[in-house]
């Protein structure tokens with residue numbers, strides 16, 4: 001094979017990868033950024049008007065597992081706090097693996113499916129557990145690293161709500 005054929009093959013391969021990536025990004029519906037394990041499609045914009053905690057966890061992360069009961073308790077009171085919580089596996093696991101962990105750990109809040117690949121406007125955290133807090137305008141206002149409690153999250157949310165009211 002000569003250099004020209006090798007270059008054509010590489011260019012073709014790059015084009016195929018680009019086309020595949022584009023097709024994959026379009027396979028979620030036009031308006032859905034992610035799907036939950038129950039199969040329902042969602043967009044982060046749906047959560048505007050309420051506070052959102054995006055919890056990143058991993059099966060191998062002991063503090064992540066320890067944090068789940070705290071997040072469950074917060075989720076049970078979410079309506080009165082004008083809040084929702086969604087969980088995201090840090091690791092690229094198959095949906096069946098994620099479902100198994102969700103059931104084992106007793107997660108009561110919705111968890112994002114890995115297939116189709118979620119399209120979210122932020123990167124994976126550098127440490128776990130991590131919680132990203134979005135305000136009712138959909139802006140990322142806080143990144144928390146380390147295990148949180150109901151008390152720490154409630155206190156922080158109340159403080160952020162006061163700041164949010166003062167700035168608007």
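Between residue 38 and residue 82, what is the label-to-label distance in nm when each label sits 7 Å out along the Cα-to-Cβ direction?
Each label point is offset 7 Å from its Cα along the Cβ direction, giving 2.4 nm.
Report the gain in length on full extension from residue 60 to residue 163: 0.36 nm times residue separation, minus Cα-Cα distance, nm rounded to one decimal.
Gain in length upon complete extension: 33.5 nm.
Per 10 Å bin from zero, what fraction in whole % of the C-alpha pairs of region 34-167 is there, up to the bin with the longest pair?
All Cα pairs, binned at 10 Å, distribute as 12, 47, 35, 5, 0 percent.
What is the extension gain from residue 122 to residue 46, computed as 0.36 nm multiplied by their sequence separation minus the C-alpha to C-alpha distance, in nm to one decimal?
My answer for the length gained is 25.7 nm.
Once you keep just the Cα pairs under 8 angstrom separated by 6 or more residues, what percentage relative contact order results for region 41-120?
34 percent
How many percent of DSSP beta bridges within region 34-167 run antiparallel, rounded to 5?
About 60 percent, rounded to the nearest 5.
Round to the nearest 0.05 the FRET efficiency obtained for residue 96 and residue 137 when R0 = 45 Å and r is the Cβ-Cβ distance.
E between residue 96 and residue 137, to the nearest 0.05, is 0.80.
What is the Cα centroid distance between region 26-104 and region 148-168, reported in whole angstrom?
With region 26-104 and region 148-168 each reduced to a Cα centre, they are spaced 20 Å.
Each value in this text was obtained by applying a stated rule to the coordinates, not by laboratory testing. Keep in mind the model is a prediction, meaning the values are calculated, not measured. Here Cβ is always computed from backbone atoms with ideal geometry, including for glycine, and neighbour counts include all displayed protein chains.
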